[in-house]
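Quick note: the coordinates plus some simple rules give every number you see, no bench work behind them. The structure displayed is predicted, hence computed values, not measured ones. Here the Cβ positions follow ideal geometry from the backbone for every residue, glycine too, while neighbour counts run over all protein chains shown.
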Amino acid sequence: MNYDLRRAELADFLRTRRMALQPEEVGLPTRTSRRTPGLRREDIADLAGISSCWYSQLEQARNIRVSGHVLTSLARALRLNSEERDYLLTLASENARAGANIPGDGARPRPALQRVLDSQLPHPACALSPRFNILAWNQARTDVYGDLAEVAPAHRHLLWLFFSDHMRELIQNWEPSARSVLAEFRAVTGAYVHEPWFTALVGELSENSLDFQKWWLQHEIGRHGVSTRQVRHPAVGRMTLEEITLVVDDHSGRRVLLEMPQPDTDTEEKLTALSRR
């Protein structure tokens, strides 16, 4: 297992969060001349009550152990929200390093899960593996976004789809939607950053999309329970969908994405019309 990749991810995350903070946000005097944006390493070390040298080693991806108390202090000093703090703890966790095997990622979903997706018609729904591969979907998902059966299995992945030209044209608020999906992917896959599938996926997407490459380096973390998506469908026009993520309670790590019409819009009628086509 390549722990160096995990340490590098931890170092990059700390660095981006430090550089995003301004002195005045943490009660420090504003510096008129700075070579780098944000706070200095020694600023964070002082705020966290730790050695500046020791913190520098963390940002240099050195092989050092980090206690829970120190991590909590760093999270507080960096003004991390709850999702970012969880991500920090996951990256530094020895347990995550020791065994981040993904259960059931390649297994076919049970027929009952497909029936749950089909029961949502005319609302789009799909099931994701812990890696964000799309395992199953309903007809409404095909009606709105296109047939995944025509997509190569290796690219039936939520990030591949969102950073494709098709989704960029279909989704009117594409940038916030894509960034939200990317932030959620990063939030829930922190334990897997050292695994070959993870590094291969990031490398391939970085080569294929300049936007992905740029946003990936920003280390945005987020778990959005509900997000709104504006879709301009070629047959029925504009629809507003609210996406809700549910976790399947079978220890598989699978997730179900449901897309519901936003109230006080004509989206429900348009979804029904698509289902009758």
Among the small types (G, A, S) and either in a loop (DSSP other than H, G, I, E, B) or at positive phi (or both): which single residue out of S252, S227 fits that description? S252
E204 is checked against (1) of a type in the set (D, E); (2) in contact with a Phe, Trp or Tyr (Cβ under 9 Å, 6 or more places away or on another chain); (3) assigned to a strand (DSSP E or B) and fails just one. What number does that condition carry? (3)
Just name the residue that is farthest from the chain's Cα centre (by Cα) out of those in the stretch 236-259 that are farther than 21 Å from G222 by Cα and of a type in the set (A, V, I, L, M, F, W, C). V236
Hits in the stretch 120-158 - residues which are closer than 19 Å to L241 by Cβ and part of a helix (DSSP H, G or I): Q139, A140, R141, T142, D143, V144, Y145, L148, L158
Of all residues being surrounded by 20 or more Cβ atoms within 10 Å (Cβ to Cβ) and among the aromatic types (F, W, Y) in the stretch 149-184, which is nearest to H233 (Cα to Cα)? Just the residue, please. F162
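Name the residue that is surrounded by the most Cβ atoms within 10 Å (Cβ to Cβ), counting only residues in the stretch 220-277 that are of a type in the set (V, I, T) and touching a Ser or Thr at 6+ places or on another chain (Cβ under 7 Å). Spell out how you get there, then give the answer.
At the first step, the residues of the stretch 220-277 found to be of a type in the set (V, I, T) are 221, 226, 228, 231, 236, 240, 244-245, 247-248, 256, 265, 267, 272.
Then drop every residue that is not touching a Ser or Thr at 6+ places or on another chain (Cβ under 7 Å), which leaves 228, 240, 265, 267.
Working: T228: 14, T240: 19, T265: 13, T267: 21.
Here the answer is T267.
For E269, state whether it is without any contact (Cβ under 8 Å) to a residue 12 or more places away in the chain and within 30 Å of D4 (Cβ to Cβ).
Criteria not met by E269.
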